[in-house]
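Contents: one structure, followed by commentary.
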Amino acid sequence: MANNAGATTHKTPPRNSALSAEAGLKSTPHAVGSAVVSEHISTVGVEVNNVRPWITRDVQKFQKCEADTMLQELLARCTGSSQSLSPSEKLTLLETSLKAVLPICNVGAVAQDIKGHLTDFCDIELETATYAPFIRATNCALRELSEVKVPGIPAFKVDDKTNILLQVNDPMPIYQNHQGKQSERKPDIVVVSHQTALGADAHQMQESQVLAETACKPPKDNFQWTNVRSTLELKRARKPLNHPPAAYKTDYVVPPPSAQYMEYVKDLNAPAKATGSTPATGSAQTPHGASNELRPSSQQLSKGVKRKRAGNSENQTEEKEPRKPHPVVQNGLYVAEMFAAHIARQHVISFIVNNDYIYVWFFDREDAIQGAAINFIQDLPRLLVLLFIMQRMRYKQWGLSPVFEPEPGFSGKVMVKDTQIDLELDVKSDEQQGTIRSAAGSRFPNESPELVAKLYWPEETRQSEPDILNEVYKIAQTDPDVRGHVPELVWFHKFEGTSTSKIRIALGLKDAKQAKQGSRALYIIVFRKLIPITTLSGKEFLAAWWQIVKCHRALWKEGVHHRDVSPSNLMGYLSCGQFIGVLNDYDLSSFQRDSPSSLERTGTVPFMAVDLLTLEAIAGKVEHVYAHDAESFIWVLTWVCLRYEGGNLLSKNRPLDEWLKIDAIRCSEEKTHFWSVGLSTMRPSRSHEGSWDVVKKCFLGIHSLYSPLGYRKLGDQSAFELLLEEPIQGHL
C-alpha cells in the first residue's frame, strides 16, 4: 500500500465494515471515453445509446504501430514473460510462428479449403454475405492451429470454456445495463468460447458442425457482453478483391499508404478510409491527429451537433446520427461495452476488417493503439499468427483483471491483500457488497458500516488523491470551513503491474524517459459513503451547496486547488438530522507549489468556466485561477435548478442536454448565449425556485467578467465576493 504518512487516523479501517459499490464499482472519468461508457448516466443524464461523442473523440486520437511490432508484442504476452523478452527475441518468436503456420497456408486439403473460403470472400459483393466465408476460413484455420507448437507458447488444451471461435452475431442485439439504462449493440462477428457459441445445444453437436456451419449463422439467443472476448467489424466497399496467391511466403505484404491505417472521417456516409504511413519501427510516435486539447479526464466531446437555440425541449437537439456509424466509431462503441462488462478490465483488443485488410486495435485506460493493416488474402500467414495469438491468449492477455475476474462472468469473492488490510468483495450480485478486514485489528474512529469503493485509473505522474487528502486533513484540523466537509478516506491500494506505459514502451511509442507521461495505473480507494446533493431541494440544497463553496475557498487559500467542480463531486451526509455538504473527488486537484499544473486544462466541460474553453486555454496559455472554479460552482447551481425536481433527474424535457455532446469551443458558445439571451427564458423546477434568484445574481457577476475586449481578471477574494458571496446574501 502507498505511504499514508501524515494521516494516521485514516490508515486502518474498522474490522468487518460493510462495503457497497453503489451502481457497481465505477471507474472515474479519468480514462478514455471508450473505457467509461457507464459514466455520468445517472448524475448528468447522458443517454446510454448516445455516448458516441466520447467514443469519437477517443478513436480520432489513436497511436500507430507497425503490424509486425503489434504481432511481436501480443505473441510475447502469450509466453507470460513479455517484459523480459528482448526485441531480438520477440522478432525471433514472430519469425518462428510464421514458419510454423506456413504449412497450413500452402500444404494439403486444409490449405485448399481455407483458400477456397477466402476466394468466396473476395467474390461476394454484399457485406453481410461475406461473414460466412470469412468465418469458415478463420475457424478452419483455428482448428488446424490447435496442433501448432511454438517454443515458449503454451500448448493448446481442449477446453470448451477457453477455446475460442468466431461467430456471426449480426443482426442479433447484445444488451447491457448501465446504471439502470440499457444499451443495444449489434457487432458483426464476435469472438466467444466454444461453450458460449454452443449454448444449450452443446451436448447435441459435434465441434466440426459448430466450426463449419453453426458459427456462420446468428445465435438463437442473445450473447452477453461478459462472454464476448472481442469483436470484428466488417466493411466492404471495394470490389472485386484479388484472389489468394498460389503459394504464400512469410514476407510482410506492405499495404499502400492509403490503406495503412483506418481513421474516422467526418463524412459518416463515406466508405471507410485509411491514413498514411508511420515512422520506422522503434521510433517514438505521437498520437494520430494529436493537438493540445483538453485531456481525456475533462470529457471533451466531439464536434458536429446542430440544434435550435430557443426553448427547453429535448426536441431542440437535431443531430441526426446515421443508423450505422463509421466502422472505427462502431468498433469503439463495442470496446466500451466490453470495458463496462468487466470489473477493472485493463484493456480490450478488437478488430476491423475493411475489404481485404484487418486492423488490430488495442484500447486501454490511456488511449487507443492501431496496428498497421494486414492483407489477410495476400498475407495469410500473418492472419494465422494473429489467430494463433487469439487461440493461446489467457484471460489476462485478453485484458481481464486476474484479481477481480479470473474468468469471464466470475461470481464469487475476491481478495485484495495488503500489508495492513484485506478487502473481500463479493461480485456475484449487482450490489457487489463486501467487507474490509484489518489485519492489525485497530479500528477507525466514528465507525460507519457504509463504505464505498472506487476503482479508478489516475495518471501516474499526478499527485495521488490520497496524498492530496493528507494535505486536506491537515488543513481541516484548524479550519472549520473544511472540517467535516471533505470525504473520509478509509483505505487505498495501487495495483502494481497495471501501468499503461508497458505496452507503449514495448511497441516503441515511448522511451524510458517518457514512460510515465500520460500513463495510468489502477487504484482502489475506499471512502465512507456519501449522498449526492442533487437529491436535495430548496434551502437544504442551497445550504449544502454553500458549505461546499466555503470549503473549496478555504482549501484554495491554503494551496489545494480542486479544479473539477461538477455535480458528481458535490456530495454530503446526514449528521444529527442535518445534511453536511462535502467537496468530493480530488483526482484532478493540485498543490499551489506545483506551478506547471496551473496551465493544465482540467474539469468537466459543461461546468468549466468559459475562459477555460477558448482556443488559448486549450493550447495551455491560460492560467487556471480561483475565479474559474467559482464560475463552475455557478454552472453546477444552474444545472441542478433546471434539471432536477424533488431530488430526481428529470426524465424528459431537460434543458442543456446538448452541452454533454459538444466540444469545448461549441460549449463556450452555448454558455455565452445562455447568459446573454437564454437565461431570461429559462425556468427552474418547482423544487429549486428559491435558488433561481441566486443563479440570476451570480450571472450578473459572470457577465461583468466577459467583454469584447477579453476576460477581466480578479483577485481570488474579489472573485469570491462578486461571484458567490454577494449573490447568496439573504437567501440562507
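The values are calculated or read from the model by the stated rules, or taken from the named source; none is laboratory data. In this text, all values refer to a predicted model and were calculated from it rather than measured experimentally. Backbone-built Cβ (ideal geometry, glycine too); neighbour counts: all protein chains shown.
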(request) Starting from residues that are at pLDDT below 95 and touching a Gly at 6+ places or on another chain (Cβ under 7 Å), keep the ones in region 501-537 and report whichever is nearest to Val640 (Cα to Cα). (result) Ile531
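Can you tell me how many residues within region 375-397 are farther than 13 Å from Asn163 by Cα and touching a residue at least 12 places away in the same chain (Cβ under 8 Å)? First the steps, then the outcome.
Residues of region 375-397 farther than 13 Å from Asn163 by Cα: 375-386, 396-397.
Then keep just the ones that are touching a residue at least 12 places away in the same chain (Cβ under 8 Å); that gives 375-386, 397.
Final tally of qualifying residues: 13.
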(request) Being under 24 Å from Leu613 (Cβ atoms) and assigned to a loop (DSSP other than H, G, I, E, B) is the filter; apply it to region 639-683 and report the residue that is modelled with the lowest pLDDT. (result) Lys661
(message) Take Glu184 and tell me if it is more than 30 Å from Leu91 (Cβ to Cβ), part of a strand (DSSP E or B) and charged (D, E, K, R).
(response) yes
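Would you confirm, using the coordinates I've provided, whether Lys181 is in contact with a helix residue (DSSP H, G or I) (Cβ under 6 Å, 6 or more places away or on another chain), at pLDDT below 90 and either loosely packed, with under 13 Cβ neighbours inside 10 Å or among the β-branched types (Val, Ile, Thr) (or both)?
On the way: in contact with a helix residue (DSSP H, G or I) (Cβ under 6 Å, 6 or more places away or on another chain): yes; at pLDDT below 90: yes; either loosely packed, with under 13 Cβ neighbours inside 10 Å or among the β-branched types (Val, Ile, Thr) (or both): no.
Against the criterion (in contact with a helix residue (DSSP H, G or I) (Cβ under 6 Å, 6 or more places away or on another chain), at pLDDT below 90 and either loosely packed, with under 13 Cβ neighbours inside 10 Å or among the β-branched types (Val, Ile, Thr) (or both)), Lys181 does not qualify.
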(request) Please tell me if Lys513 is free of Cβ contacts under 8 Å to residues at least 24 places away in the same chain and among the charged types (D, E, K, R). (result) yes
(message) Among the numbered criteria (1) within 22 Å of His485 (Cβ to Cβ); (2) buried (at least 18 other Cβ atoms within 10 Å of the Cβ), which one does Lys661 miss?
(response) (1)
(message) Show the residue pairs meeting these rules: Cβ distance below 9 Å; 6+ apart or different chains; first residue within region 104-130 and under 18 Å from Ile358 (Cα atoms) and modelled with pLDDT under 95; second residue outside any loop (DSSP other than H, G, I, E, B) and among the hydroxyl-bearing types (Ser, Thr, Tyr).
(response) Ile124/Thr130
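Conditions (1) surrounded by fewer than 20 Cβ atoms within 10 Å (Cβ to Cβ); (2) touching a helix residue (DSSP H, G or I) at 6+ places or on another chain (Cβ under 8 Å), marked per residue:
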{"residue": "Leu85", "(1), (2)": "no, yes"}
{"residue": "Glu95", "(1), (2)": "yes, no"}
{"residue": "Val107", "(1), (2)": "yes, no"}
{"residue": "Thr130", "(1), (2)": "no, yes"}
{"residue": "Leu145", "(1), (2)": "no, yes"}
{"residue": "Pro151", "(1), (2)": "yes, yes"}
{"residue": "Lys161", "(1), (2)": "yes, yes"}
{"residue": "Val168", "(1), (2)": "no, yes"}
{"residue": "Tyr175", "(1), (2)": "yes, no"}
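Among the residues of region 335-389, count how many are among the aromatic types (Phe, Trp, Tyr), in a loop (DSSP other than H, G, I, E, B) and surrounded by fewer than 24 Cβ atoms within 10 Å (Cβ to Cβ). Walk me through it before giving the result.
Step one: filter region 335-389 for residues among the aromatic types (Phe, Trp, Tyr), giving 339, 351, 357, 359, 361-363, 376, 388.
Subsequent filtering for residues that are in a loop (DSSP other than H, G, I, E, B) retains 376.
So of that shortlist, the ones also surrounded by fewer than 24 Cβ atoms within 10 Å (Cβ to Cβ) come out as none.
Final tally of qualifying residues: 0.
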